[in-house]
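Here's the structure we're looking at; comments come further down.
The values are calculated or read from the model by the stated rules, or taken from the named source; none is laboratory data. Keep in mind it's a predicted model, so treat the numbers as computed, not measured. Every residue, glycine among them, receives a Cβ derived from its backbone with ideal geometry; neighbour counts consider all protein chains shown.
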Amino acid sequence: MALGLAAVSDFLSFWISFALPIQWLLDLGTAGLLFLILGRRWALLPGLVAEAIPGVGVFPVWVLVVVSIIVHDEIKAYR
């Protein structure tokens, strides 16, 4: 679920990269939802900082953050 949210956010972020206030709201919303889904993970903070830097929105930062949390924090998928 978190990976899907991150992918949708990165896709939308790529297309609204010229409207900074909308992109900031999208990133704050994504960080908040990922915080609710994944719990307290400090790895979300660098993702939010990276998304705040202009021009970095062309990279899939949220997807990379979620994948790093899954790999390094050993989050198991619910089945």
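In this structure, Ser9 does satisfy being among the hydroxyl-bearing types (Ser, Thr, Tyr), surrounded by 15 or more Cβ atoms within 10 Å (Cβ to Cβ) and modelled with pLDDT of 85 or more. Residues of the stretch 12-42 that are free of Cβ contacts under 8 Å to residues at least 12 places away in the same chain, under 17 Å from Ile70 (Cβ atoms) and surrounded by 13 or more Cβ atoms within 10 Å (Cβ to Cβ): Phe35 alone. Residues of the stretch 43-53 that are exposed (fewer than 14 other Cβ atoms within 10 Å of the Cβ) and in a loop (DSSP other than H, G, I, E, B): Ile53 alone.
How many residues, within the stretch 1-30, are in contact with a Gly (Cβ under 7 Å, 6 or more places away or on another chain) and assigned to a helix (DSSP H, G or I)?
Restricting attention to the stretch 1-30, the residues satisfying the condition of being in contact with a Gly (Cβ under 7 Å, 6 or more places away or on another chain) are 13-14, 17, 23.
Okay, now just the ones that are also assigned to a helix (DSSP H, G or I), so 13-14, 23.
Adding up the residues that qualify gives 3.
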